[in-house]
Amino acid sequence: LRIFAIEARSSGPVPCAGLLVCNHLSYLDILVLGSLAPAVFVAKREVKSWPVFGWFAILAGTLFVDRNRRSHVGEVTHEIELALRQHVGVILFPEGTSSGGATVLPFKTSLLEPAVGRAMISAGLIQYELDDGEVSEEVCYWKDMTLVPHLINLLGKRNVRASVQFTQIRPGDADRKELARQLHSELMRLKQDLAV
């Protein structure tokens, strides 16, 4: 975080175990969330080969999922379930990709299955502020951006402020699709509250 001149702060109950579902804006999300709520991340397989961040992800014990192989999603779901049973925090970005932050994209539901019926489920809304630039183009990593030029530009920024609003969810007996709707609604509510 010091290398990127990132100030990270949070509000709400920081989860120490269970599933944390968060919106996804940038590769910085992993550094910010990892500093606030240590946990294992679930990421797409391609992240493993990224310069610097792939290495960080491997060292952090990230669970990599090959979304093109349906059977592999099942294997990762099993690994998530094992981690949750051992009271290890698991962080998931169910949007399946990052965005520019204007909204929260629809959730993919398959990796939420291990959390169904569990008491420890949290949602986190991450947001960034930047004094010398535009967050959606210089902090968020999305569209057809290329990693190295984006990274070099970001390293030139004086200060990036990251904030995460955490909240706990009471899912009841929801199935994974209902749980996805509930979590998505909660993140949208947090986003609207912060915009007021």
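Numerical summary
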quantity: Ratio of the Cα radius of gyration of segment 1-88 to 2.2 N^0.38 Å, where N counts its residues; calculated: 1.13
quantity: Summed residue charge, Cβ within 15 Å of Leu1's Cβ, Lys/Arg positive, Asp/Glu negative; calculated: +2
quantity: Qualifying trypsin sites (Lys or Arg not before Pro) in segment 155-196, DSSP loop, other Cβ atoms within 10 Å at most 11; calculated: Arg158
quantity: With every protein chain in place, the chain: carbon and sulfur % of accessible area (1.4 Å); calculated: 54 percent
quantity: Mean Kyte hydropathy of -0.5 or more with a Cα span along the axis of at least 15 Å, helices from DSSP in the chain; calculated: 70-85
quantity: Net length gained if the chain between Arg70 and Trp50 were fully extended (0.36 nm per residue, minus Cα distance); calculated: 4.9 nm
quantity: Rh (Kirkwood; distinct C-alpha pairs) - the chain, Å; calculated: 17.0 Å
quantity: In order through segment 98-107: 3J(HN,Hα) via Karplus (6.51 cos²θ - 1.76 cosθ + 1.60), integer Hz, x for Gly, Pro; calculated: 8, 9, x, x, 5, 8, 9, 5, x, 8
quantity: Per residue solvent-accessible surface (Å²) - segment 60-167, probe of 1.4 Å; calculated: 47 Å²
quantity: Percentage relative contact order, segment 26-181, counting C-alpha pairs under 8 Å, at least six apart; calculated: 24 percent
quantity: Pairs of Lys in the chain closer than 26 Å at Cα, counting only those 8 or more apart or on different chains; calculated: 14
quantity: Residue among Leu130, Leu25, Leu63 with the largest mean-square fluctuation in a Gaussian network model of the chain, springs linking Cα atoms under 10 Å; calculated: Leu130
quantity: 222 nm mean residue ellipticity, helices alone, for the chain (DSSP H n ≥ 4; -39,500 (n - 2.57); rounded to 500); calculated: -10000 deg cm²/dmol
quantity: Largest-first ordering by accessible area, 1.4 Å probe, given options Ile169, Ile3; calculated: Ile3, Ile169
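The values are calculated or read from the model by the stated rules, or taken from the named source; none is laboratory data. Given the structure is predicted, the values throughout are model-derived calculations rather than measurements. Cβ coordinates were reconstructed from backbone atoms using ideal geometry, including for glycine residues, and neighbour counts include every protein chain displayed. SASA here: full protein model, heavy atoms, side chains in, ligands and nucleic acids out. Shrake-Rupley method; radii C 1.70, N 1.55, O 1.52, S 1.80 Å.
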